[in-house]
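Colleague: My questions will all concern the structure given below.
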Amino acid sequence: MLLGTLGIRKTVVVGGIALLALVAMSLPGEAGVKPGDFITPDNAAQVKDLVSPGVFYKVQHGMTMKIVPTLRVDWPPPYKDATEKYSSQVQLSKDHRTVVGYVAGQPFPLIDANDPDVATKVIWNNVWRPIQSDDYDLRYFDCDTVYTGYNKPFFEVAYGQLGHYAGYDLVGRTEVEPLPVDPDFKTTNRLWLFLLGPELAPQDARGTSLLRYRYGDPAHGDDTWTWQTGSRRLRRLNESINSSATGAQTWDPDHYSGFNPKTEQYNYKFLGEKEMLATVDAEHSPEIRCATDGGASACPERWQMRHVYIVTAEPRRSVNNAAALDSKTVIYMDSEMWFEPYIDTYDRRGELFRNHIYWLAYRDRPVPDAKVAIYPFKREFVVGACSTDVQSTEATMCYLPGIETPERECWYINMGAVDKAFFTTEAMVKMSEVGHM
């Protein structure tokens, strides 16, 4: 099924892998854009059918777009090599929920819209995506929480600054030893480790951090802990907290990096594939605070037409996910970079609740003047991310690298910048107590 367009079958190459795709063709009279167009709230109707409802809300409320030609995005060569080496042995489990035989690279490079399991395969490609496969450490970034509105003056409701957004993958490693699987996986069954923190601002939250483990066992939910400076206590969180935003901001852990909850706890449905607008080659790093929506996005920024897979995710409430906050998440997945440029979530009444946008840059370094984080090939970097509650108009816009932070290179991906020892409760407590790196 294709949403809003007609299509033709065509073989294309994605990341060096042949893929049979349904390429969209514009309908006569359909609203559209061309390179050189500049989109504002006044001509927002031009993009209504080319973005998600949540992104269209953002444009209506002041976010602007510079339309540029479509750019080809290649995978990092080590990831591409791993896909060619291992993907043929990967399949879904008997219950069609879990991957079997996965080692590294993309598990399902051949995406067929007629495959009854296409939605689940798209999501597992999202889990093992090429943006990072081994480790990453985003050092120092900051976020503004505001209320959005067309030409609304910037008024900062809350400001946050954090020391690390870091992760370590035990499976699917392609660039840093141990390759391709950390031997610890056989002992602990942990797929990946994640740490956010310590908070450096605001002062009353300084030292707060969050630690999360994901497991290979489909029945084993995520383990999540937080260290809270005020009570000076290490607290283990209920898994449902990961879908909820806390404090004066709109982000929740399940959407820090696109769609990121426990994969087997959702049912997936393939809605189709379509040519849509996204930012995969951002012009700015650090990003530019948008002057026409109260600082609730990055604008003006470059948007281009992309081939996108559209999948819905609904929590399996009767099995293992009764407390999930959202009734449905609509995931818009770029078919080349395999990262979602945006997602929309819907509340229990079925109404649009939150929109999340991720602005990505495609280059060989996260910032033009990098001296350490430089790669022999181009890769994608998330340089800005915004979560907007469309029902309250509250939005939290994060800058990666930050606007007011001392670290300028920001992203260290697949460089061995962090190891497993960084992701322990003991390390989290020690780091959070001193309130710095």
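Colleague: Can you say whether Tyr332 is more than 13 Å from the chain's Cα centre (by Cα), closer than 22 Å to Gln265 by Cα and either modelled with pLDDT of 95 or more or open to solvent by less than 10 Å² (accessible area, probe 1.4 Å) (or both), as far as the supplied structure shows? Spell out how you get there, then give the answer.
Modeller: Values: more than 13 Å from the chain's Cα centre (by Cα): no; closer than 22 Å to Gln265 by Cα: yes; either modelled with pLDDT of 95 or more or open to solvent by less than 10 Å² (accessible area, probe 1.4 Å) (or both): yes.
No: the conditions fail for Tyr332.
Colleague: Out of all the residues in segment 198-208, is one or more in a strand (DSSP E or B) and surrounded by 17 or more Cβ atoms within 10 Å (Cβ to Cβ)?
Modeller: Taking segment 198-208 and keeping what is in a strand (DSSP E or B), we get 199-201.
Within this subset, residues satisfying the condition of being surrounded by 17 or more Cβ atoms within 10 Å (Cβ to Cβ) are 199-200.
Looking for residues that are in a strand (DSSP E or B) and surrounded by 17 or more Cβ atoms within 10 Å (Cβ to Cβ), one finds at least one in segment 198-208, hence yes.
Colleague: Taking segment 115-131 only, how many residues are under 17 Å from Pro218 (Cα atoms), open to solvent by 10 Å² or more (accessible area, probe 1.4 Å) and not hydrophobic (A, V, I, L, M, F, W, C)?
Modeller: Residues flagged as under 17 Å from Pro218 (Cα atoms), open to solvent by 10 Å² or more (accessible area, probe 1.4 Å) and not hydrophobic (A, V, I, L, M, F, W, C) within segment 115-131 amount to 2.
Colleague: Moving on to the next point. With the structure loaded, tell me whether Thr312 is in contact with a Phe, Trp or Tyr (Cβ under 6 Å, 6 or more places away or on another chain) and not hydrophobic (A, V, I, L, M, F, W, C) or whether it fails that test.
Modeller: Working: in contact with a Phe, Trp or Tyr (Cβ under 6 Å, 6 or more places away or on another chain): no; not hydrophobic (A, V, I, L, M, F, W, C): yes.
It is false that Thr312 is in contact with a Phe, Trp or Tyr (Cβ under 6 Å, 6 or more places away or on another chain) and not hydrophobic (A, V, I, L, M, F, W, C).
Colleague: While we're here: Can you tell me which residue among Arg306, Arg302 is assigned to a strand (DSSP E or B), within 14 Å of Glu275 (Cα to Cα) and basic (Lys, Arg)?
Modeller: Details: Arg302 fails: within 14 Å of Glu275 (Cα to Cα).
Result of the check over Arg306, Arg302: Arg306.
Colleague: Looking at Leu179, Leu195 in this structure, which one is within 27 Å of Trp128 (Cβ to Cβ), aliphatic (A, V, I, L, M) and open to solvent by 60 Å² or more (accessible area, probe 1.4 Å)? It would help to see each step written out before you state the result.
Modeller: Numbers: Leu195 fails: open to solvent by 60 Å² or more (accessible area, probe 1.4 Å).
That would be Leu179, the only listed residue that is within 27 Å of Trp128 (Cβ to Cβ), aliphatic (A, V, I, L, M) and open to solvent by 60 Å² or more (accessible area, probe 1.4 Å).
Colleague: Only one of these is modelled with pLDDT of 95 or more, outside any strand (DSSP E or B) and closer than 28 Å to Phe423 by Cβ: Tyr57, Tyr136, Tyr102. Name it. Can you show your working first?
Modeller: Details: Tyr57 fails: closer than 28 Å to Phe423 by Cβ; Tyr136 fails: outside any strand (DSSP E or B).
The match here is Tyr102.
Colleague: Are any of the residues in segment 70-88 out of contact with any strand residue (DSSP E or B) (no Cβ under 6 Å at 6 or more places or on another chain), without any contact (Cβ under 8 Å) to a residue 40 or more places away in the chain, open to solvent by less than 30 Å² (accessible area, probe 1.4 Å) and outside any helix (DSSP H, G or I)?
Modeller: Scanning segment 70-88, I find no residue that is out of contact with any strand residue (DSSP E or B) (no Cβ under 6 Å at 6 or more places or on another chain), without any contact (Cβ under 8 Å) to a residue 40 or more places away in the chain, open to solvent by less than 30 Å² (accessible area, probe 1.4 Å) and outside any helix (DSSP H, G or I), so the answer is no.
Colleague: From the residues in segment 303-327 that are in contact with a helix residue (DSSP H, G or I) (Cβ under 9 Å, 6 or more places away or on another chain) and of a type in the set (Ser, Thr, Tyr), which one is surrounded by the fewest Cβ atoms within 10 Å (Cβ to Cβ)?
Modeller: Thr312
Colleague: Still on this structure, please answer the following. In segment 99-150, which residues are polar (S, T, N, Q) and either free of Cβ contacts under 8 Å to residues at least 60 places away in the same chain or within 23 Å of Glu380 (Cβ to Cβ) (or both)? Walk me through how you get there before you give the answer.
Modeller: From segment 99-150, those polar (S, T, N, Q) are 106, 114, 120, 125-126, 132-133, 145, 148; that's our starting set.
Selection gives Gln106, Asn114, Asn125, Asn126, Gln132, Ser133.
Colleague: Tally time: how many residues in segment 288-302 are open to solvent by 10 Å² or more (accessible area, probe 1.4 Å) and within 19 Å of Ala361 (Cα to Cα)? Steps first, please.
Modeller: Step one: list which residues in segment 288-302 are open to solvent by 10 Å² or more (accessible area, probe 1.4 Å), which gives 288-289, 291-292, 300, 302.
Narrowing further to those that are within 19 Å of Ala361 (Cα to Cα): 288-289, 300, 302.
The qualifying residues number 4.
Colleague: Yes or no: Leu211 open to solvent by less than 40 Å² (accessible area, probe 1.4 Å), closer than 22 Å to Val122 by Cα, part of a strand (DSSP E or B) and hydrophobic (A, V, I, L, M, F, W, C)? Can you show your working first?
Modeller: Values: open to solvent by less than 40 Å² (accessible area, probe 1.4 Å): yes; closer than 22 Å to Val122 by Cα: no; part of a strand (DSSP E or B): yes; hydrophobic (A, V, I, L, M, F, W, C): yes.
Spelling it out, it is not the case that Leu211 is open to solvent by less than 40 Å² (accessible area, probe 1.4 Å), closer than 22 Å to Val122 by Cα, part of a strand (DSSP E or B) and hydrophobic (A, V, I, L, M, F, W, C).
Colleague: Please tell me if His284 is surrounded by fewer than 19 Cβ atoms within 10 Å (Cβ to Cβ) and more than 16 Å from the chain's Cα centre (by Cα). Talk me through it step by step, then tell me what you get.
Modeller: Working: surrounded by fewer than 19 Cβ atoms within 10 Å (Cβ to Cβ): yes; more than 16 Å from the chain's Cα centre (by Cα): yes.
Judged against the criteria, His284 is a match.
Colleague: Can you name the residue in segment 372-413 that is open to solvent by 20 Å² or more (accessible area, probe 1.4 Å) and of a type in the set (A, V, I, L, M) and, of all such residues, is nearest to Gln161 (Cα to Cα)?
Modeller: Applying the filter and picking the extreme gives Ile403.
Colleague: Just name the residue that is farthest from the chain's Cα centre (by Cα) out of those in segment 243-275 that are part of a loop (DSSP other than H, G, I, E, B) and at positive phi.
Modeller: Pass one, segment 243-275, residues part of a loop (DSSP other than H, G, I, E, B): 244-252, 256-262.
With the extra rule that they be at positive phi, the set shrinks to 247, 258.
On the way: Gly247: 21, Gly258: 3 Å.
Once the filter is applied, the top-ranked residue is Gly247.
Colleague: Report yes if Leu234 is in contact with a helix residue (DSSP H, G or I) (Cβ under 9 Å, 6 or more places away or on another chain) and open to solvent by less than 50 Å² (accessible area, probe 1.4 Å), otherwise no. It would help to see each step written out before you state the result.
Modeller: On the way: in contact with a helix residue (DSSP H, G or I) (Cβ under 9 Å, 6 or more places away or on another chain): yes; open to solvent by less than 50 Å² (accessible area, probe 1.4 Å): no.
It is false that Leu234 is in contact with a helix residue (DSSP H, G or I) (Cβ under 9 Å, 6 or more places away or on another chain) and open to solvent by less than 50 Å² (accessible area, probe 1.4 Å).
Colleague: Okay, moving on. Report yes if Lys34 is at pLDDT 95 or above, open to solvent by 60 Å² or more (accessible area, probe 1.4 Å), more than 30 Å from Lys85 (Cα to Cα) and outside any helix (DSSP H, G or I), otherwise no.
Modeller: Numbers: at pLDDT 95 or above: yes; open to solvent by 60 Å² or more (accessible area, probe 1.4 Å): yes; more than 30 Å from Lys85 (Cα to Cα): yes; outside any helix (DSSP H, G or I): yes.
So Lys34 fits the description; yes.
Colleague: Which numbered condition in (1) out of contact with any His (no Cβ under 8 Å at 6 or more places or on another chain); (2) closer than 20 Å to Phe141 by Cα is the only one that Asn320 fails?
Modeller: Asn320 satisfies all of (1) out of contact with any His (no Cβ under 8 Å at 6 or more places or on another chain); (2) closer than 20 Å to Phe141 by Cα except (2).
Colleague: Among the numbered conditions (1) over 24 Å from Pro53 (Cβ atoms); (2) outside any strand (DSSP E or B); (3) free of Cβ contacts under 8 Å to residues at least 60 places away in the same chain, tell me where Gly221 comes up short.
Modeller: All conditions pass for Gly221, except number (3).
The values are calculated or read from the model by the stated rules, or taken from the named source; none is laboratory data. Just so it is clear, the model here is predicted, and its values are computed rather than measured. Here Cβ is always computed from backbone atoms with ideal geometry, including for glycine, and neighbour counts include all displayed protein chains. Ligands, DNA and RNA are excluded from the accessible area calculation, which covers all protein heavy atoms including side chains. Shrake-Rupley method; radii C 1.70, N 1.55, O 1.52, S 1.80 Å.
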